[in-house]
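What follows is a short report on a single structure.
The values are calculated or read from the model by the stated rules, or taken from the named source; none is laboratory data. Source: prediction; values computed, not measured. Counting neighbours? That spans all protein chains shown, and the Cβs are built from the backbone with ideal geometry, glycine included. Keep in mind that these areas ignore ligands, DNA and RNA; they rest on the heavy atoms of the full protein, side chains included. Shrake-Rupley method; radii C 1.70, N 1.55, O 1.52, S 1.80 Å.
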Amino acid sequence: MRQRVAMIDASLSLNTIRIFLHVLSVSVWVGGQFVMLALLPVLRNAGVDGLPKQAARAFQRVAWPAFAVAFFTGIWNIFEVDMANATTRYSVIFGTKFLLVLISGAAAWIHAVSSKPAIKGMTGGLGFLAGLVAMLLGFTLTHG
Ligand code: HEM
């Protein structure tokens with residue numbers, strides 16, 4: 001007898017839009033920092049006074065709204081996920097991710113307002129790494 005093949009299907013739902021906005025916003029936040037790191041030597045050697053600062057300010061104009069969208073869609077995620085039935089492991093991963101998100105935001109803010117190169121360097125690196133690991137843990141929540 002011929003076996004029935006399970007069909008794969010897809011539909012654009014509110015759920016899709018929620019996850020799309022979450023992943024898009026965190027990609028701007030984390031991916032943008034990646035790109036800024038790559039561009040920094042070029043901006044520094046361009047010989048234009050203050051160019052790295054101008055570029056950093058331009059990035060902030062998209063980075064902070066993206067962080068806000070990540071936070072808003074993150075809270076929306078919490079309402080959509082059955083947290084009451086989450087395993088301890090899921091809760092620990094989510095809690096660690098949330099802490100890293102807060103560290104990423106706080107470090108990026110200190111990085112932006114500080115005038116001390118050492119503080120700027122340390123908080124820039126910390127903010128980026130915390131965001132990167134938060135992203136990995138985010139995918140672990142949904143695909144792990
Ligand atoms: C820089 C900040 C953030 C990053 C990098 C990040 C990253 C991610 C990623 C990559 C996913 C997986 C999406 C997928 O597989 O489709 C995810 C899912 C999730 N995130 Fe975030 N996120 C951030 C902020 C937040 C915040 C602030 C919250 C809570 C307030 C949150 C709550 C969640 C939840 C509950 C899920 C699972 C969603 C589901 O299973 O449908 N996230 N996150």
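Details
- Residues within the stretch 64-82 that are within 10 Å of the ligand (Cβ to nearest atom) and more than 17 Å from R18 (Cα to Cα), tallied: 0
- Entry remark, the stretch 95-120: residues being open to solvent by 50 Å² or more (accessible area, probe 1.4 Å) and over 18 Å from L21 (Cα atoms) number 15 in total.
- Leading residue by the ranking (least open to solvent (accessible area, probe 1.4 Å)) among those in the stretch 43-54 that are over 17 Å from P117 (Cα atoms) and touching a helix residue (DSSP H, G or I) at 6+ places or on another chain (Cβ under 9 Å): A46
- Test: residue in the stretch 131-143 that is more than 10 Å from the ligand (Cβ to nearest atom) and aliphatic (A, V, I, L, M): no
- The residues listed here are T123, T88; of these, the one that is among the hydroxyl-bearing types (S, T, Y), without any contact (Cβ under 8 Å) to a residue 24 or more places away in the chain, within 30 Å of L14 (Cβ to Cβ) and more than 10 Å from the ligand (Cβ to nearest atom) is T88.
- Selection from the stretch 105-144 of residues that are among the charged types (D, E, K, R) and part of a helix (DSSP H, G or I): K120
- Which listed residue, of T88, T123, is in contact with a His (Cβ under 8 Å, 6 or more places away or on another chain) and among the hydroxyl-bearing types (S, T, Y): T123
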